[in-house]
1. Yes or no: residue A:6 surrounded by fewer than 17 Cβ atoms within 10 Å (Cβ to Cβ) and outside any loop (DSSP other than H, G, I, E, B)?
2. Out of A:121, A:140, which single residue is in contact (Cβ under 8 Å) with a residue 12 or more places away in the chain, more than 22 Å from residue A:64 (Cα to Cα) and aliphatic (A, V, I, L, M)?
3. Test residue A:16 against the criterion of being under 28 Å from residue A:254 (Cα atoms) and more than 12 Å from ligand 2 (Cβ to nearest atom), and give yes or no.
4. Can you tell me which of A:34, A:25, A:21 is within 16 Å of ligand 2 (Cβ to nearest atom), more than 14 Å from every other protein chain (Cβ to nearest Cβ) and either outside any helix (DSSP H, G or I) or farther than 30 Å from residue A:237 by Cα (or both)?
5. Please work out if residue A:92 is at the interface with chain B (Cβ under 9 Å from one of its Cβ atoms), modelled with pLDDT under 95 and surrounded by 20 or more Cβ atoms within 10 Å (Cβ to Cβ).
6. Would you mind finding the one in A:92, A:61 that is within 16 Å of ligand 2 (Cβ to nearest atom) and of a type in the set (Lys, Arg)?
7. For residues that are within 16 Å of ligand 2 (Cβ to nearest atom) and at the interface with another protein chain (Cβ under 7 Å from one of its Cβ atoms), tally how many sit in region A:95-107.
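The values are calculated or read from the model by the stated rules, or taken from the named source; none is laboratory data. Model, not experiment: these values are computed from the prediction. Heads up, the Cβs are rebuilt from the backbone with ideal geometry, glycines too, and the neighbour counts pull from every protein chain shown.
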Amino acid sequence: MLDEKNLQKPLEEREDIIEVKNLNKWFGKHHVLKDVDVNVKQGEVVVILGPSGSGKSTFIRTINALEEFQKGEIIVDEINLSNDVSNIEAIRKETGMVFQQFNLFPHMTILKNITLAPIWVRKWKREKAEQVAMELLERVGIPEQAHKYPGQLSGGQQQRVAIARALAMQPRIMLFDEPTSALDPEMIKEVLDVMKTLARSGMTMLVVTHEMNFAREVADRIILFDDGEIIEEGTPTELFDNPKHERTKMFLSQIL
Amino acid sequence: MPHMSSQANLQQPQKRAETPPPKTSVGVIGWLRQNLFSSWANSLLTVIVGTAAFFLLKAIFTWVFFGAEWHVVSNELNFLLIGRYPEEEVWRIWTLLLFFHALLGLSWGFGKGIMNSIAYTIGGLLFISMLLPFIEMSTRIWIIANLATLISFFFIGHKFPKVKKITFVGWFLSFPIVIFFINGLGILPNVSTNLWGGFMLNILLAVVAIVCSFPLGILLALGRRSKLPIVKYFCVIYIEVIRGIPLITVLFMAKFMLPLFTGGIEVDEVVGAMVALTMFSAAYMAENVRGGLQSLPRGQFEASQALGLNSTYTTVFVVLPQALKAVIPAIVGQYIAIFKDTTLVLIIGLLDILEIGLSMIAKPEYIGLDMEVLVFGAVVFFIFCYLMAHVSRRLEKSLSVGNR
Ligand SMILES: Nc1ncnc2c1ncn2[C@@H]1O[C@H](COP(=O)(O)OP(=O)(O)O)[C@@H](O)[C@H]1O
Ligand SMILES: [Mg+2]
C-alpha cells in the first residue's frame with residue numbers, strides 16, 4: 001500500500017495509485033474499451049469526458065470490479081485485479097463509488113446506510129461507526145437528516161449522503177459516475193461543492209461528469225473518451241484552450 | 001400606506017382568503033349525494049343494490065336467529081375444535097393457550113401497532129366465548145384465565161419494555177413447547193397424533209407449513225438465481241414440479257413416498273401432512289420471493305458490492321428486506337391459501353374441522369343440519385383469514401415509512 005508520505009511530494013514525483021494497462025472489454029461482440037492505458041497518481045483528480053456511450057461508465061466500473069474485463073491489467077493501490085478474483089473485495093475496500101442514481105438503500109435510515117459497510121466489512125463497533133458517520137454528515141452539511149429515510153431527502157441531499165456513505169469506508173480512491181446528472185439544476189452546486197472540498201483534501205478522484213466548470217477548476221488532468229478509446233488527455237488548460245485532436249474539438253464545440 | 005401595499009402586491013400576489021367548500025359537498029347529505037345519488041344511473045343502482053342487500057340481510061338474520069338449530073354446534077363444539085383429544089388431557093391445551101396469550105400480551109404491550117389488531121381480535125373472541133350460555137363452568141374459567149393473562153401481560157409488557165428479549169425467546173421456543181404439551185413426549189401421558197384433530201389440527205398444520213416454508217421458499221428463490229447450475233436446476237425443477245401438481249397429490253405422495261426416504265420406517269400421518277403442506281407452500285413462497293427479487297433495481301446490488309459487502313451481507317441486509325417487503329401481499333395471500341388448504345388433509349384420513357363437521361352431518365340425530373355446521377366452519381376460518389389479511393395491510397403500511 002502506498003503511504004501518506006507520497007502525498008507530500010509534488011504531483012509529478014508521486015507514485016501511481018491506479019495503473020491500467022492495455023485494458024480491453026467486450027459486451028458480447030461489442031468492443032467497448034479498446035487498449036485503454038491510464039495511470040493515476042495518488043491525490044490526483046482526473047475528470048473523464050466523452051460523448052454518451054463512449055465507455056466512460058464502463059471504464060470506471062472496471063476499476064472496482066463492477067464490470068469484468070477480458071484483456072489487460074488493472075492495479076489499484078498495488079493490488080492486482082487481473083490475476084485473482086479474491087482481490088476484488090480488497091479493491092472494493094480501497095475504492096468508494098458514487099452513482100448517478102444515488103443508489104441509497106431505501107429501507108434504511110441515513111445513519112444505517114452509512115454505517116452498514118463499516119460495521120460489517122471493516123468490523124467497527126457500532127458506536128465508532130456512528131460517530132464517523134455523524135462526522136461525515138457534518139462534512140457534507142446534513143447532520144440533521146441522520147434519522148430520516150432516503151425517500152424523505154432531496155436529490156442533492158441524497159447524493160451527499162451517498163458520498164458520505166462511500167467515504168465512511170475510508171477509501172483511498174473515489175469514483176464518481178455522473179454524480180450530478182440526475183439532479184435538478186439548483187442542487188448541482190451543493191454536490192459539486194462537497195466534491196471540490198474532497199479534491200482539495202488530497203483524495204484521489206476519478207470523475208465522469210459533464211460539468212465543465214468543475215473540470216476546469218478542480219481537475220489535474222482531463223481524459224477524453226470516444227468510442228472506447230482515449231483520444232486525448234491533458235491539463236484543463238491544454239485540453240480546453242488548445243485541443244489537438246479533431247474529435248476533441250468537435251466534442252468541446254458541442255458541449256460548451 | 002396604500003402605495004406601499006400596492007407595490008408589495010406587484011412582487012408577491014396576496015394570498016387569497018380560504019373559502020369553505022360548497023354546502024352540498026359536506027356532511028351526510030353531501031356524502032350521500034356525491035357517492036350514492038350523483039346521477040340518475042347511480043341513483044337507480046343504489047336503489048337496486050340497496051333493496052337486494054336489504055332482503056339478503058333480512059334472510060340471513062332470520063335464519064341465524066330463528067331458523068338455524070345451533071345445538072349441533074354447541075353440543076359438538078369440543079369435537080369440532082380439538083377432535084378426539086382425550087378429555088382428561090384437555091388442560092394441556094388450555095395451558096398452552098395461557099402460554100400463548102402471555103406471549104401475545106407481552107408483544108402487544110411493547111409492540112402496539114400491528115399487535116393491536118391481533119390482540120383485539122383474540123381478546124374479542126375470548127370475551128364472546130366466555131359469554132356463551134352453553135359451555136361448561138370449567139371451560140368458562142379457563143377462558144377467563146386466558147383473557148386475564150392476555151390483559152395482565154399486556155400491562156407487564158407495557159411497563160417493562162425489557163421483557164422484549166424474553167418474549168422473543170418465548171416465541172422462538174414455542175414450537176417445541178407446543179409439541180411437548182400436545183404430544184407429552186413421554187413426560188406427560190402420550191397423546192398420539194391420531195388423536196389430534198379439529199380446528200386445532202388445522203392451526204397446527206398451517207403454522208408449521210407457514211413457519212417452515214418461509215425460510216425454505218427464500219432459499220429456493222435464491223437458489224433459483226444461483227450461478228451454480230446444479231443448485232439452480234434443482235430449485236427450478238422442484239418449484240415447477242410442485243407448482244404443477246395438485247396439493248392432494250402431494251399429500252398422497254407424502255403418505256406413500258416418505259417411507260421410501262426414511263428407509264421403510266412408517267411416517268406419522270400428521271408429520272407427513274406437515275411435510276407435504278410445507279413442501280407445497282415453499283414452492284409458491286419461492287415464486288413470490290422471486291418476484292420481489294426481480295423488482296429490485298440493479299443499482300441496489302451494485303451499491304452494496306461497491307461498498308465491499310460480500311454476497312451474503314448484500315442478500316441479508318440489502319436485497320431480502322426490500323424484496324420481501326415488496327411482496328408482502330402475495331406472501332400473505334399464499335399463507336391464507338395454505339391455511340384454508342389444510343382442510344384437504346381429510347383425504348388422507350386426518351380428522352380436521354371439516355372432516356369432523358362432515359362426519360357430524362352424517363349422523364342421524366343431526367340430519368338436515370348441514371348448513372349450521374358449514375357456516376360455523378366458514379365463520380371460524382373467515383375470522384382468522386381476515387385477521388391475517390388485516391395484519392398484512394398494517395405491516396405494509398408500517399414498513400413503508402419514508403419510502404417513495
Ligand atoms: N450491461 C451492458 N450490456 C451490454 N452493453 C452495454 C452494457 N453497458 C453498457 N453497454 C454498452 O457499452 C457502451 C459503453 O457504455 P457506457 O460505458 O455506459 O458509456 P458512457 O458511460 O460513456 O455513456 C455503450 O455502447 C453501451 O450500449
Ligand atoms: Mg455513463
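1. Taking the combined requirement at face value, the residue satisfies it.
2. A:140 is the lone residue from the list that is in contact (Cβ under 8 Å) with a residue 12 or more places away in the chain, more than 22 Å from residue A:64 (Cα to Cα) and aliphatic (A, V, I, L, M).
3. So residue A:16 does not fit the description; no.
4. Working: A:34 fails: within 16 Å of ligand 2 (Cβ to nearest atom); A:21 fails: within 16 Å of ligand 2 (Cβ to nearest atom).
The unique qualifying residue is A:25.
5. Yes, satisfied.
6. So the residue among A:92, A:61 that is within 16 Å of ligand 2 (Cβ to nearest atom) and of a type in the set (Lys, Arg) is A:61.
7. Going through region A:95-107 one residue at a time, the tally reaches 4.
To keep it simple, each residue is scored yes or no on (1) more than 10 Å from chain A (Cβ to nearest Cβ); (2) surrounded by 21 or more Cβ atoms within 10 Å (Cβ to Cβ).
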| residue | (1), (2) |
| --- | --- |
| B:256 | yes, no |
| B:260 | yes, no |
| B:269 | yes, no |
| B:286 | yes, yes |
| B:299 | no, no |
| B:304 | no, yes |
| B:308 | no, yes |
| B:317 | no, no |
| B:333 | yes, no |
